[in-house]
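J.: First, the structure itself, so that you have it in front of you.
The values are calculated or read from the model by the stated rules, or taken from the named source; none is laboratory data. As the structure is a prediction and not an experimental result, all values here were calculated from the model. Don't worry about glycine lacking a Cβ; one is built from the backbone with ideal geometry, like all the others, and counts go over all protein chains shown. We work out accessible area using only protein heavy atoms, side chains counted, and drop any ligands, DNA or RNA first. Shrake-Rupley method; radii C 1.70, N 1.55, O 1.52, S 1.80 Å.
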Amino acid sequence: MRWFIRRAWGRSIRRQLILGVALVHAVLMTLFIADLVLNQRRLLHSQALESAQSLAQALAVNSQSWVLSNDIMGLEEVVSAQRSYPDLRYGMVLSPDGRVLAHTARRHQGRYVTDEISARLLDTPPRLTRLVINEQLIDVAQPITARGELIGWARIGLSQARTNAGLRALTLEGLYYTILALILGSLFAYLLSRRITRDLYRLARVSTAFVAGDEGQRARLTGEDEISALGAAFDEMIDTVVEQRRETRDAQEALHAEKQRLAVVFDSITDAVISTDVCGRIILANKAAEKLISIENQHVLGIHVFNVCDFRCDHSENSCDDCIKNTLETKVKCSGQGEIFLKKTNKSFPVFRTSSPIFDDDGNAIGVVVVFRDIRDEIKQQEQLFKVKNLESIGVLAGGLAHDFNNILTGAIGNISLALLGINDQDDDQRDLLEGAESALLRATSLTQQLLTFSKGGNPVLEAASLSEIITETTRFILSGSALRCHFDIPEDLWRVRVDKGQIRQVVQNLALNAAQAMPHGGCLEIRCRNEEAPPLRGRVRIEFIDNGPGISPEALSRVFDPYFTTKPSGSGLGLAICHSIVNKHGGVISVDSSPQGTCFRFTLPAYFETISAPTRAAKAPLALNEAAAGRLIVIVDDEAAILEVGARMLRKVGFEVEVYPNGEALMAKRNTQEALRAVSAFILDLTIPGGMSGQAIAAAILKVDPQARLIVSSGYAHDPILSDFSAYGFTAQLKKPYTHEALQRVVTRTLSEALLS
C-alpha cells in the first residue's frame, strides 16, 4: 500500500499539486461538514429534548385535574390532543404504580407498563426524568403532583426520524459541496500546475534530449518568473557545455587524427624501429619490427631488447645492449652494419643498425630509438647487379661476335650462292655438295641468332614460317649424339605462324636441352603440336614438350622462368627466362606442369592464315637475267669489303648496275645532289658502320635530299628494333645478314616493283 501511495504520489509535480490541493479540500470540507452536522445534531437534539420536556410539562399540567377526578375520558381527550404534534411517537399518563391511565394508542389503556425503562419511574423521585435519549427516540416523564404528592406521570416519546433525515440531508448536501470543492480545487490546481509544470516539463525534455546526445534542443522559456529565469540559465549552461564539448571533441579528434597519422607514419616505415627506455626495455615497436624480428608488440613491451635480439657490428664484439648503453652515455647517434641474432628463432641475418638517443625537455637522455634495416636483398641485388654487369659485358661481346660472324657468313653464303649459279644441271654431285655447305652455313646462323638474343636484342623480326620444319630440324640437331629418343606428333595441316625463326629456334633449343639434362641416362621426349580455336581470336598453335624425367620440385616450379634462377650448378638461369621473353614478344603464352612422372612445357603462338607459296626446288636453279634490272643502279654501303664484293657480284649477275661504298661519307661525297641520288634505284645500307655514319644517319641524309628514295636496311644484328619496324625509320625493306643470292634478289626486286606500282 505504501509503495502504491509513493508511486502514485511521486510520478510528477502536476499530479502531486493536484492531489495535494484535492486532499486539502477534501480534508477541510470533511472537517467542516462533520463539524456542521455535529453542531446541527446537538442543536436539533437539544430542540427535540426541549420540545419533549415542554410537551410532558404541558401534558402533566393539563392532566392534573383529570387525574384527581379520575376522569379517564378527560385524560383521553388531553392525550389525544397531543397526537397532532410532529414527531410524536406516543404520549401517555401513568399512575404512580405504573398503570396506563391514558395513551395515544388506546389499546394500551388500563395496562401496566412492565418494561425496564418504565419500571424506573416506580422508584424515581417526582421530578422531570429523561428515560430515553438516543438517535431514534427521546422519552421524558413529567411528574403530576397535587398538594406536593405524586398522583401520576405524564410521559412523552418523540421520534428522532425527522431530525435524522434532516441530518442526512445536511450531510449529503455537505458531500455535494465537498465534491464541488474538490472539482474546483483540482481544476484550479491543474491550471496552476500546468502553468508551473509546463516549463518544468520543457526543461526536463530538453535535459533528457541533451543527455541522449541532442545538443540542438533549448528550453527558450518566455516570461519573467523564476522558472523562466531558470530556463534562461539552463539554456546558457547548455550552450556553455556544448561549446566545451565541441572544443573537447575537436581536440580529441585532432589528437586522435594526429595519433592515427603518427601510427600510420610509424607503421609505414619500412625499417624496423624499436624504442627503449634508459634500461633497454622495449616501449614501442612498429609493424616492420614485428615482422622482421618475429615479435608481437603487445608481448614484448617492457621486455629488455637483449632478450629479443642481439646485434653485433662487423669486426666488433659489442652487443645490442652495449650499443644502447653507449648511445645513452655519449648522447650521440651511432650506426653500423653487422648481423642481428633473433633469440626466438635462433636465426641471424645482415642488417644496418642506427641508434639515436631520445631527450626530454631538460636535455636528459630518456631512451633510445634503434632502427634496423634488413640488407639481405641489398646484398643479393649487389650480387645480381655484379652478375648482370658481367652478363652485359658478355652480351656486348656476344653481339659483336654475332655481327662479325654474320658478316663472314654473308660472304661465304653469297659466294656459295654464286657458285651454285654457275653449275650445270648435269653436275648434281657438285650442286649437292655446295647446297650442303650452304645449308650448314645457314644452320650456323642459328648460333648467331642465339648470341644476338643473349645480347639483349630488340623486338623479333617476323616472317611467315612452318613450325614443323623449325621444330624438327632444331630438335634433331640439338639431340644428336644424346641418349634421348624424340617422338614428333605434328599434324600435316598444322597452321603456319608469323615468327622470328631464329628466336623460335632458340626456344625449341632451350626446351630440348632442358629435357636432355633432365634425362641424362636416356628417355623419351614427345613434341606435340595442335591447332587450337581461341575465340575471339582466329586461332593459335599449341606446342608441348613432354618428357618422362623426374619432374621439377614444387618449390622450383613457381620460379623456373625467373631470371638467374637455376637448379644446375653450372647453369646461368637465363635459358627459360629467354624463352619466356621470346614467347611473350610473339604474343604467345608459355607455362609448365610437372609431376614425379615427368614435365610438360607448353607454349602457344598466334596462327597466321595468309597464303604463302611454298618454296620449290626450282628456286635453287640458276636465275635468269632479270629484264627489269637492266640499266638500274643499286648502291651498297657496308664496312665489310667481302660483303660489298659478293653483294655486287650477286646483283650484277642478274643485270643490275652496282656501286659500292665503305661508308656513308664516301657515298654523300659523290652523290650529294638530288639528281645524283634519284639516279639510284635502291640503296642497301648497313645499319652498323664502325667509325662512320650509321645506316639510319645515311638514310636520314638521303631522304632529306630525295624523299622518294628506296632504302633497304641490312644488318647482322637481326634483333635491332629498326629491322622489326623499318618503315618507321624511313626504310622500304629489310635484309638480314647473312643472306643468299635468292634473298638479295627477292628483296631488291620487290622493292623496285613496289616503286613502279606507287
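J.: Could you tell me whether segment 281-293 includes any residue that is more than 30 Å from Lys333 (Cα to Cα), open to solvent by less than 40 Å² (accessible area, probe 1.4 Å) and at pLDDT 80 or above?
T.: no
J.: Criterion first (β-branched (Val, Ile, Thr), outside any loop (DSSP other than H, G, I, E, B) and open to solvent by less than 30 Å² (accessible area, probe 1.4 Å)) does Ile712 satisfy it?
T.: When the stated conditions are applied, Ile712 passes them.
J.: Go through segment 448-495 and give me each residue that's surrounded by fewer than 18 Cβ atoms within 10 Å (Cβ to Cβ), modelled with pLDDT under 80 and within 54 Å of the chain's Cα centre (by Cα).
T.: Correct list: Lys456, Gly458, Asn459.
J.: Please verify whether segment 95-102 includes one or more residues that are within 25 Å of Gln160 (Cα to Cα) and in contact with a Phe, Trp or Tyr (Cβ under 9 Å, 6 or more places away or on another chain).
T.: Within segment 95-102 (the criterion being within 25 Å of Gln160 (Cα to Cα) and in contact with a Phe, Trp or Tyr (Cβ under 9 Å, 6 or more places away or on another chain)), the answer is yes, since at least one residue qualifies.
J.: Quick check on this structure: which one of Pro550, Pro554 is surrounded by fewer than 19 Cβ atoms within 10 Å (Cβ to Cβ) and at pLDDT below 85?
T.: Selected residue: Pro554, the only one of Pro550, Pro554 that is surrounded by fewer than 19 Cβ atoms within 10 Å (Cβ to Cβ) and at pLDDT below 85.
J.: Tally up the residues in segment 496-512 that are part of a helix (DSSP H, G or I) and either closer than 16 Å to Ala607 by Cβ or open to solvent by 60 Å² or more (accessible area, probe 1.4 Å) (or both), please.
T.: The number of residues fulfilling the criteria is 3.
J.: I've got another one for you. Given the residues Phe609, Phe601, Phe656, which is the only one that is of a type in the set (A, V, I, L, M, F, W, C), at pLDDT 85 or above and within 60 Å of the chain's Cα centre (by Cα)?
T.: Phe601
J.: OK, next. Filter segment 165-200 for residues that are over 20 Å from Thr30 (Cβ atoms), in contact (Cβ under 8 Å) with a residue 24 or more places away in the chain and not β-branched (Val, Ile, Thr) and give the result.
T.: Selection gives Tyr190, Leu192, Ser193, Arg194, Asp199, Leu200.
Results for (1) over 23 Å from Thr330 (Cα atoms); (2) of a type in the set (Val, Ile, Thr); (3) at pLDDT below 80; (4) in a loop (DSSP other than H, G, I, E, B), shown as yes or no for each residue.
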position: Asp362; (1), (2), (3), (4): no, no, no, yes
position: Ile379; (1), (2), (3), (4): yes, yes, yes, no
position: Leu385; (1), (2), (3), (4): yes, no, yes, no
position: Val388; (1), (2), (3), (4): yes, yes, yes, no
position: Ala398; (1), (2), (3), (4): yes, no, yes, no
position: His403; (1), (2), (3), (4): yes, no, yes, no
position: Ile408; (1), (2), (3), (4): yes, yes, yes, no
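J.: Determine whether Asp239 is within 30 Å of Ser193 (Cα to Cα) and more than 33 Å from the chain's Cα centre (by Cα).
T.: Spelling it out, Asp239 is indeed within 30 Å of Ser193 (Cα to Cα) and more than 33 Å from the chain's Cα centre (by Cα).
J.: Looking at Ile358, Ile366 in this structure, which one is open to solvent by 30 Å² or more (accessible area, probe 1.4 Å), among the hydrophobic types (A, V, I, L, M, F, W, C), out of contact with any Gly (no Cβ under 9 Å at 6 or more places or on another chain) and modelled with pLDDT of 80 or more?
T.: After applying the criteria, what remains is Ile366.
J.: Just checking, how many residues over segment 30-44 are open to solvent by less than 50 Å² (accessible area, probe 1.4 Å) and either in contact with an Asp or Glu (Cβ under 9 Å, 6 or more places away or on another chain) or at pLDDT 85 or above (or both)?
T.: The number of residues fulfilling the criteria is 1.
J.: How many residues are open to solvent by 60 Å² or more (accessible area, probe 1.4 Å), assigned to a strand (DSSP E or B), modelled with pLDDT of 75 or more and not aromatic (Phe, Trp, Tyr) if we restrict to segment 297-355?
T.: Going through segment 297-355 one residue at a time, the tally reaches 5.
J.: Any residue in segment 537-545 that is part of a helix (DSSP H, G or I), open to solvent by 30 Å² or more (accessible area, probe 1.4 Å) and at pLDDT below 85?
T.: Scanning segment 537-545 turns up no residue that is part of a helix (DSSP H, G or I), open to solvent by 30 Å² or more (accessible area, probe 1.4 Å) and at pLDDT below 85.
J.: Only residues that are over 50 Å from the mean Cα position of the chain (by Cα) and of a type in the set (A, V, I, L, M, F, W, C): list them for segment 496-519, please.
T.: Ala516, Met519
J.: Looking at Gln674, Gln696, can you tell me which residue is buried (at least 16 other Cβ atoms within 10 Å of the Cβ) and free of Cβ contacts under 8 Å to residues at least 60 places away in the same chain?
T.: Gln696
J.: Taking Ser84 as the residue in question, decide whether it is more than 24 Å from Asn164 (Cβ to Cβ) and modelled with pLDDT under 90.
T.: Criteria not met by Ser84.
J.: Continuing with the same structure: Could you say whether any residue in segment 49-57 is in contact with a strand residue (DSSP E or B) (Cβ under 7 Å, 6 or more places away or on another chain), open to solvent by 50 Å² or more (accessible area, probe 1.4 Å) and part of a helix (DSSP H, G or I)?
T.: Yes: one or more hits.
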